[in-house]
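Read the structure below first, then the notes.
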Amino acid sequence: MTATAAHPRIEQLIDAHLDFLEQEFSQPKNLHDEVQAFFHWFTEQNLQDLWDFQSLFNLLEQQVLKNQLSAFFVEQCVEHIRFALVHDLNDHTKIADIFDVMTIDKIAQYVASKTEHRHKLIHRVVNHPAFSAMISQLIQQALEDYFEHSMGKRVPTVGRFMKMGKSVFESVTDSRFEQTVAHYLQKNIVKLSQLSEQVLNQHFDNDKLYYFQANLWHKIKASPLSVFKNYIVLEDLPHTVGLAHEVWNHLRQTDYLKQQLHDGLYTWYVRNQERNFRQLLRDLNIDEGLLMQQLQPLFAAVMQQAIRSGYLRQRARGFLERFYYAETTRQILAFDNNPE
């Protein structure tokens, strides 16, 4: 209340006004009608009339990019993942119970049909220096193992020949042979890569890739979800989730992500600024009727608690005192001439 002395009739009006508000907001029908009316008004407003682009961007920038995830939030992520992995339902729920077989089949057909993309991927892999080095090492090791373990058993004469100690044959097979094979592989690595690419494309043609995925599905569909624990070390979850957090923590501070957020949001805003919030909610697949159905009980419970705790009366009294004790209001009511 202001420094002005309390006026008896103004205080009566304020109390009467507060009683009226509490009575009105205590009626479920009144609350229902008010919430419905406000929600209807709000959803009819265009985006640009309530929210400009810069304000929206500033909010997202502050909340998403500048606001670092708390240690508690990261710990909660770890706990929720751990809880989902060790839940008892996983022992009795099969993979086929949560994945529709028709959807799996569509995915298999889609992946198998991407012939051009698959050929490009195989081409890039087999022509990578790391792949060439791996193929060369495998072939060289295979040949060395073959001569070392097989030739002596299959050709006794060669076996006796290789036991002669430091003979000419031994020096040829151990040193010159390795050099010869390495030189041949290095010289013909392009041909080997081309052959590898051809073999891989033949092995992973559309039909074979589809049947490979189908067979894999039939092998795993009856397995319980608990098998995923075999591939995830629960004790490592704090570390793995922590690493993901570190990646995000660095990425969110880069100019790249800030520019992506700005340009992406601006593009969306320009397209939608003249659309109302009902349409925007529909775009997000939010059912307006269902939202209202869920908000009504929540708002009613909040208002009832605000009345019971005295919060509504306390907050409303401050506004009413400023209104009734305002000079213009006192002149209208002419209370100064008749204080009683």
Practice task
List every residue pair whose Cβ atoms sit under 7 Å apart, with the two residues 6 or more apart in sequence or on different chains, where the first one lies in the range 21-41 and is assigned by TED's automatic domain parsing to the domain that holds TYR311 and closer than 26 Å to ILE286 by Cβ and the second, anywhere, is surrounded by 12 or more Cβ atoms within 10 Å (Cβ to Cβ) and among the aliphatic types (A, V, I, L, M).
Solution key: PRO28/ALA300; LEU31/ALA300; LEU31/MET303; VAL35/LEU295; GLN36/MET292; PHE39/MET292
Practice task
Would you confirm whether any residue within the range 265-272 is under 16 Å from PHE42 (Cα atoms) and free of Cβ contacts under 8 Å to residues at least 60 places away in the same chain?
Solution key: no
Problem - Residue check, VAL233 loosely packed, with under 15 Cβ neighbours inside 10 Å, over 23 Å from ILE135 (Cα atoms), under 38 Å from the mean Cα position of the chain (by Cα) and not polar (S, T, N, Q) - result: yes
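Residues checked against (1) part of a helix (DSSP H, G or I); (2) farther than 28 Å from ASP19 by Cα; (3) in the same structural domain as GLU44 (by TED's automatic domain parsing); (4) not basic (Lys, Arg):
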| residue | (1), (2), (3), (4) |
| --- | --- |
| ARG282 | yes, yes, yes, no |
| ILE286 | no, yes, yes, yes |
| GLY289 | yes, yes, yes, yes |
| PHE299 | yes, no, yes, yes |
| ALA306 | yes, no, yes, yes |
| ARG315 | yes, no, yes, no |
| LEU320 | yes, no, yes, yes |
Problem - Selection status of LEU225, surrounded by 11 or more Cβ atoms within 10 Å (Cβ to Cβ) and closer than 23 Å to HIS92 by Cβ - result: yes
Practice task
Scan the range 246-301 for residues that are touching a helix residue (DSSP H, G or I) at 6+ places or on another chain (Cβ under 8 Å) and hydroxyl-bearing (Ser, Thr, Tyr) and report the count.
Solution key: 2
Practice task
Could you run through the range 279-336 and say how many residues are of a type in the set (D, E, K, R) and under 43 Å from the mean Cα position of the chain (by Cα)?
Solution key: 6
Completion exercise
Looking across the range 102-126 at residues that are among the charged types (D, E, K, R) and under 15 Å from GLN202 (Cα atoms), the single one that is surrounded by the most Cβ atoms within 10 Å (Cβ to Cβ) is ARG118
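The values are calculated or read from the model by the stated rules, or taken from the named source; none is laboratory data. The shown structure was predicted, so the numbers you read here are calculated from the model rather than taken from an experiment. FYI the Cβ positions are ideal-geometry reconstructions off the backbone, even for glycines, and counts take in every protein chain you see.
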